[in-house]
Amino acid sequence: MLNDQVTFRRLTAGTLLIVAPLLQAVAVVVDPGTWGDDREAVSFGADPALAQTQSVLYHWSWMLMAVAVIGLMHLTRRRATVLGHVSGVLTVIGYLQLSGLLLTDPVEWWLGQRYAPEEAQRILDEMMNLPGVVFGFQLPWMFLGFIGLPLLTVAVWRAGFVGWWVPLLVAAGYLGGFLVPYGPGTVPFWTAPVAALGWTGLKILRMGDDAWASCYRAAAVSPVPESSPR
């Protein structure tokens, strides 16, 4: 399989579209900050094991989603190509950027173990509000993934691969999650895209290599001139 570009890329894209959003849904459920004190220095300190588990789950969810997005872009090679390219690039950058921000989780937990919650938050805010951190790691990059992925699923719908409900459910889940504070209300929003993206991934797994390869443009092959006899 590793030496077969069609099979490997199709199976990778399909599998990761199932796994990546599922890991994120599990992460928001096990995150102590979802159910406990909204000050993570406190909630993480209450259950350090789950705090570290949710960080790892988010990290791998967002890293794997960045890879899965490349597979979604493949489906827009013939139609909605411009939208697929623009939204795909935004999504990859956004998800990789989100993963990098998770390094603040152990810092926040460490501060919470050694300082009062207010002091821990003050120190963390001073660190995170440095201009290099804000504009290099946070704004606007951290939002690009959650904006780009719904747009990319719109491109995949325009390409005729999925129904209209897929981009609708992905947008409702990831963009709707911004309407509520991070907590129990986030769980149903971030769980909803699991169905839409998982179904898309399953469809890719079932489509077969020939259908996947048909997304490529047919190469124009010039006939090789015959050698003149000597």
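Condition check: assigned to a helix (DSSP H, G or I), buried (at least 16 other Cβ atoms within 10 Å of the Cβ), free of Cβ contacts under 8 Å to residues at least 40 places away in the same chain and under 15 Å from the mean Cα position of the chain (by Cα). Does residue 63 satisfy that? Reasoning before the result, please.
Values: assigned to a helix (DSSP H, G or I): yes; buried (at least 16 other Cβ atoms within 10 Å of the Cβ): yes; free of Cβ contacts under 8 Å to residues at least 40 places away in the same chain: yes; under 15 Å from the mean Cα position of the chain (by Cα): yes.
Yes, satisfied.
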Can you say whether residue 136 is in contact (Cβ under 8 Å) with a residue 60 or more places away in the chain, over 25 Å from residue 47 (Cα atoms), small (Gly, Ala, Ser) and surrounded by fewer than 19 Cβ atoms within 10 Å (Cβ to Cβ), as far as the supplied structure shows? no
Residues in the range 59-77: is at least one at pLDDT below 95 and farther than 21 Å from residue 145 by Cα? no
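Hey, among the residues in the range 38-60 that are in contact (Cβ under 8 Å) with a residue 60 or more places away in the chain and of a type in the set (Asp, Glu), which one's surrounded by the fewest Cβ atoms within 10 Å (Cβ to Cβ)? Break it down stepwise before answering.
Initially, the range 38-60 is screened for residues in contact (Cβ under 8 Å) with a residue 60 or more places away in the chain, giving 38-42, 44-45, 48.
Remaining after also requiring of a type in the set (Asp, Glu): 38, 40.
Numbers: 38: 11, 40: 24.
So the residue we want is 38.
Looking at the range 149-163, can you tell me whether even one residue there is exposed (fewer than 14 other Cβ atoms within 10 Å of the Cβ), of a type outside the set (A, V, I, L, M, F, W, C) and closer than 24 Å to residue 61 by Cβ?
Within the range 149-163, the subset exposed (fewer than 14 other Cβ atoms within 10 Å of the Cβ) is 160, 163.
This time we only want the ones that are of a type outside the set (A, V, I, L, M, F, W, C), so: 160, 163.
From what is left, the residues that are closer than 24 Å to residue 61 by Cβ are none.
There is no residue in the range 149-163 that is exposed (fewer than 14 other Cβ atoms within 10 Å of the Cβ), of a type outside the set (A, V, I, L, M, F, W, C) and closer than 24 Å to residue 61 by Cβ.
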Which count do you get for residues in the range 61-86 that are touching a helix residue (DSSP H, G or I) at 6+ places or on another chain (Cβ under 9 Å) and over 17 Å from residue 11 (Cβ atoms)? 14
Filter the range 166-188 for residues that are in contact (Cβ under 8 Å) with a residue 40 or more places away in the chain, not in a helix (DSSP H, G or I) and not aromatic (Phe, Trp, Tyr) and give the result. 181, 183, 184
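Yes/no per residue for (1) surrounded by fewer than 22 Cβ atoms within 10 Å (Cβ to Cβ); (2) at pLDDT 95 or above; (3) closer than 21 Å to residue 181 by Cβ:
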site: 1; (1), (2), (3): yes, no, no
site: 5; (1), (2), (3): yes, no, no
site: 11; (1), (2), (3): yes, yes, no
site: 79; (1), (2), (3): yes, no, no
site: 102; (1), (2), (3): yes, no, yes
site: 108; (1), (2), (3): no, no, yes
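The values are calculated or read from the model by the stated rules, or taken from the named source; none is laboratory data. What you see is a predicted model; the values in this text were computed from it and never measured. Note that each Cβ is placed from the backbone with ideal geometry, even for glycine, and that neighbours are counted across all protein chains shown.
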